[in-house]
Number of protein chains: 2
Amino acid sequence: MSALTTEALDQLFIEARTHNGFAPEAIPEATLRRLYNLMKWGPTSMNCQPARLVFVTSAEGKEKLAPALSPGNLDKTLLAPATVIIATDTRFYEHLPTMFAAYDARPMFEGNAELATSTALRNGTLQGAYLILAARAIGLDCGPMSGFDAGKLNAAFFPDGRYQANFLCNLGVGDPGKLHPRGPRLSFEEACEIA
Amino acid sequence: MSALTTEALDQLFIEARTHNGFAPEAIPEATLRRLYNLMKWGPTSMNCQPARLVFVTSAEGKEKLAPALSPGNLDKTLLAPATVIIATDTRFYEHLPTMFAAYDARPMFEGNAELATSTALRNGTLQGAYLILAARAIGLDCGPMSGFDAGKLNAAFFPDGRYQANFLCNLGVGDPGKLHPRGPRLSFEEACEIA
């Protein structure tokens with residue numbers, strides 16, 4: 001297996017930016033399905049797949065979302081063609097008997113709330129990152145956000161309490177004119193060690 | 001921006017697998033640096049970049065790691081050319097004055113342990129997923145693992161308590177003969193909704 005082309009690495013990582021403005025054209029449902037059908041292959045612990053996605057695309061959906069958004073995220077989110085709620089299924093382990101064939105892992109989580117919570121959060125967040133990179137891989141730009149009121153969002157979208165919002169991500173074709181200046185990154189020496 | 005080629009999407013998502021065996025050849029330090037210099041560009045909230053990486057490649061490093069590994073992860077990890085500890089810097093916010101120029105965000109986290117912890121975990125985990133996909137993008141295979149004793153690992157590698165292990169990932173050129181059968185994935189209908 002060799003490295004992807006420079007153009008592909010640029011599109012995924014080096015030139016990709018967090019976007020604040022998007023072209024208004026709707027994202028076809030087929031593209032949202034293609035996105036899920038890529039990101040779903042990313043690895044999770046015991047294939048637990050705790051992420052649940054709500055693609056908010058309609059005016060009604062955006063209206064339901066709006067009261068939960070931080071002021072700085074409101075306008076750009078209302079204008080984005082789609083906003084994904086990356087949520088976590090707190091009872092993800094109910095799917096383990098079909099998703100993980102090696103042994104019955106369900107009791108391991110059912111009987112241990114702390115393990116279930118940390119597993120759900122870690123793996124649901126990994127899946128959120130797979131979503132961001134899968135979106136870029138199919139030519140969409142992303143605007144991930146954690147500035148929102150989770151209590152309000154959960155009450156509006158997940159009233160039975162089973163799913164819990166983790167973070168949000170606007171999707172569309174980005175408007176380079178609305179980019180903020182790019183922040184620096186920690187150097188290898190600051191962030192890494194070889195042992 | 002258009003979609004990557006089918007081959008690239010296969011390499012990143014569709015054909016990529018969690019590997020349990022790897023060719024024994026060492027990974028050059030230049031490749032580990034290339035990996036970090038790709039994954040570092042992935043987005044984090046306020047550019048907070050809480051992930052810290054320890055690339056365990058030496059016999060001494062593996063010996064230090066071994067007592068913390070679950071029995072099922074021990075042999076394959078000792079044999080992998082590199083094992084990355086994806087850790088979280090609990091005081092990531094000390095870098096914010098240089099990493100996030102918009103305003104001084106440090107006090108926001110310094111004075112709120114709960115916000116600091118959830119921000120560190122969410123964003124450090126996103127960066128762990130960026131690492132997995134960046135590794136695949138440069139032709140490396142991954143074997144991510146959460147089966148280890150975090151207390152023991154932290155005591156051995158991070159005795160001052162500032163960094164905390166999140167998960168581990170073996171890296172190398174995978175041996176297809178050691179793959180487990182692939183688990184299924186939740187369907188779009190099971191995991192997603194359009195609102």
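We did not get these values from a lab; they are worked out from the coordinates using the rules stated. This one's a predicted model, so the numbers in the text were calculated from it and none came from an experiment. Neighbour counts run over all protein chains shown; Cβ positions are idealised from the backbone, glycine included.
The table below lists the values:
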quantity: Additional length obtainable on full extension of the chain from residue B:110 to residue B:78, 0.36 nm per residue less Cα span; calculated: 7.7 nm
quantity: Rough spin-label spacing in nm, given labels placed 7 Å along Cα→Cβ, for residue B:60 and residue A:91; calculated: 5.2
quantity: Cα gyration tensor of the stretch B:1-129 - equivalent ellipsoid semi-axes, whole Å, descending; calculated: 30, 22, 13
quantity: Solution diffusion estimate, µm²/s, Stokes-Einstein, the stretch A:1-44, Kirkwood Rh from C-alpha pairs, 25 °C, viscosity 0.890 mPa s; calculated: 186
quantity: Furthest towards positive pole of dipole, B:50, B:22, B:38, structure part the stretch B:14-72, Cβ charges; calculated: B:50
quantity: Value at 222 nm in deg cm²/dmol, rounded to 500, when DSSP H runs of n ≥ 4 in chain B each add -39,500 (n - 2.57); calculated: -11000 deg cm²/dmol
quantity: Gaussian network model of chain B, Cα within-10 Å springs - most flexible of B:149, B:175, B:160; calculated: B:160
quantity: Per-selection metrics, the stretch B:46-187 (Cα): Rg and Dmax in Å; calculated: 16.7, 52
quantity: Among the listed pairs A:76/B:40; B:64/B:152; B:40/B:62; A:64/A:152; A:76/A:152; B:62/B:152, those beyond 21 Å (Cα-Cα); calculated: A:76/B:40; B:40/B:62
quantity: Cβ-vector label at 7 Å, residue A:151, separations to other copies in nm; calculated: 3.4
quantity: Between the stretch B:45-115 and the stretch A:64-143, the alpha-carbon center distance in angstrom; calculated: 21
quantity: Net charge dipole size for chain A [Lys, Arg +1 and Asp, Glu -1 on Cβ; Debye, nearest 20]; calculated: 240
quantity: Where only C-alpha atoms are counted, convex hull volume of the stretch B:91-132 per residue in Å³; calculated: 69
quantity: Solution diffusion estimate, µm²/s, Stokes-Einstein, the protein assembly as shown, Kirkwood Rh from C-alpha pairs, 25 °C, viscosity 0.890 mPa s; calculated: 116
quantity: Fraction of alpha-carbon pairs over 12 Å apart in the stretch A:151-195 - percent; calculated: 78
quantity: Overall Cα dimensions of the stretch A:69-151, principal axis frame, Å, largest first; calculated: 46, 32, 15
quantity: Nearest-20 debye value, the protein assembly as shown charge dipole, Cβ charges on Lys, Arg, Asp, Glu; calculated: 0
quantity: Nitroxide proxy distance, nm - points 7 Å out along Cα→Cβ at residue A:149 and residue B:190; calculated: 3.5
quantity: Segment residue A:160-residue A:37, extension gain: residue separation times 0.36 nm, minus the distance between their alpha carbons; calculated: 41.6 nm
quantity: At 7 Å out from Cα toward Cβ: residue A:23 inter-copy label distances (nm, ascending); calculated: 4.1
quantity: Distances in nm from residue A:162 to the matching label points in the other copies, shortest first (labels 7 Å along Cα to Cβ); calculated: 4.4
